[in-house]
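Below is one structure, written out as structure tokens; the observations come after it.
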């Protein structure tokens, strides 16, 4: 049964619930490539784990996380208009194939932290970037099946991740 400090393997399908109640498929795992994690240590969305608590091998799940339970609401302060000059290479050239609406671009803040920004507008003098999580503001529908549960080893708990099959090898 899933509770704290268990290594859980599962297959899931994720869809976004649209405003008109239709769903848009996002991703799916399978038996060859399951999601494997240690329960209760904070590596996944808390409400995702809460919906799995108490389930056993073979149990199915089907639940929706609203935006607040998932990746939070869209935050306007995470949308920034930046001067085009910061997007020029050393030669002063602009890469129009990379910096175009709909692309995610790796960027670094003043503190050296990496962020993925979505290009939402390209102007003559500035670029508007959205640094919200791609799933922010979205209701997430998960369905799937629990395929494995075991005790996490002391080493896995110490390292904070699964070792061996489906996990980290070192």
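Results, tabulated for the structure shown:
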| quantity | calculated |
| --- | --- |
| Cα radius of gyration and Dmax for the stretch 1-87 (Å) | 17.0, 55 |
| Difference of contour (0.36 nm per residue) and Cα-Cα distance, residue 44 to residue 62 | 4.8 nm |
| Structure-based [θ]222 nm, the chain - -39500 (n - 2.57) summed over DSSP H runs of at least 4, per residue, nearest 500 | -2000 deg cm²/dmol |
| Sequence-separation-based contact order of the chain, relative, with Cα cut under 8 Å and 6+ spacing, percent | 34 |
| Pairs of alpha carbons in the stretch 76-130 whose separation is greater than 16 Å (percent) | 38 |
| Bins of 5 Å, starting at 0 and running to the largest distance - Cα pair percent for the chain | 2, 8, 13, 15, 14, 13, 12, 10, 7, 4, 2, 0 |
| Contour excess over end-to-end distance, with Cα ends at residue 74 and residue 98 and 0.36 nm allotted per residue | 6.2 nm |
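Computed from the coordinates by the stated procedures, all read-outs in this text should not be read as laboratory data. Model, not experiment: these values are computed from the prediction.
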